1. May I ask you to list the residues in the stretch 15-28 that are crowded, with 16+ Cβ neighbours inside 10 Å and either more than 16 Å from ARG77 (Cα to Cα) or in contact with a Gly (Cβ under 9 Å, 6 or more places away or on another chain) (or both)?
2. Looking at (1) more than 21 Å from LYS73 (Cβ to Cβ); (2) in contact with a Lys or Arg (Cβ under 8 Å, 6 or more places away or on another chain); (3) crowded, with 18+ Cβ neighbours inside 10 Å, find the lone condition where GLY31 falls short.
3. If you take the residues in the stretch 50-85 that are of a type in the set (D, E, K, R) and either in contact with a strand residue (DSSP E or B) (Cβ under 7 Å, 6 or more places away or on another chain) or outside any strand (DSSP E or B) (or both), which one is surrounded by the most Cβ atoms within 10 Å (Cβ to Cβ)?
4. Give me the pairs, please: first residue somewhere in the stretch 8-24 and in a helix (DSSP H, G or I), second residue anywhere and of a type outside the set (A, V, I, L, M, F, W, C) and surrounded by fewer than 17 Cβ atoms within 10 Å (Cβ to Cβ), beta-carbon distance under 7 Å, and either six or more positions apart or on two chains.
Amino acid sequence: MELATLAKALGHPARVQIIRFLLSQDSCMCGDIVEHLPLAQSTVSQHLKLLKGSGLIRGTIDGPRVCYCVEPKVLERLKELVSGL
């Protein structure tokens, strides 16, 4: 069940791009995610919400913005689950 939930969260190319982008950064990203994807702000927000709901990313409030980072423990757990197939 856990693997299915995480796989579903990564089941869209835009969400994979978001994870890759966040992993390539040294710090949490706020509005910069939209600038790197060919998608509308509202679409990116929907994908971020799903990724956050799965636990793959976390969002912290920084004034009026939300900054996103990959959740390393959940990403590591995903790797373990996939390698166990």
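Only the coordinates and a few stated rules stand behind these numbers; no lab work does. Quantities reported herein were computed from a predicted structural model and do not represent experimental measurements. Glycine gets a Cβ as well: all are built from the backbone with ideal geometry, and neighbour counts include every protein chain shown.
1. Initially, the stretch 15-28 is screened for residues crowded, with 16+ Cβ neighbours inside 10 Å, giving 15, 17-19, 21-22, 28.
Those that are crowded, with 16+ Cβ neighbours inside 10 Å and either more than 16 Å from ARG77 (Cα to Cα) or in contact with a Gly (Cβ under 9 Å, 6 or more places away or on another chain) (or both): ARG15, GLN17, ILE18, PHE21, LEU22, CYS28.
2. (3)
3. Of all residues in the stretch 50-85, those of a type in the set (D, E, K, R) come to 52, 58, 62, 65, 71, 73, 76-77, 79-80.
Subsequent filtering for residues that are either in contact with a strand residue (DSSP E or B) (Cβ under 7 Å, 6 or more places away or on another chain) or outside any strand (DSSP E or B) (or both) retains 52, 58, 71, 73, 76-77, 79-80.
On the way: LYS52: 16, ARG58: 16, GLU71: 18, LYS73: 9, GLU76: 10, ARG77: 16, LYS79: 10, GLU80: 11.
Among those that are of a type in the set (D, E, K, R) and either in contact with a strand residue (DSSP E or B) (Cβ under 7 Å, 6 or more places away or on another chain) or outside any strand (DSSP E or B) (or both), it is GLU71.
4. Taking only residues 6 or more apart or on different chains, the pairs are PHE21/HIS36.
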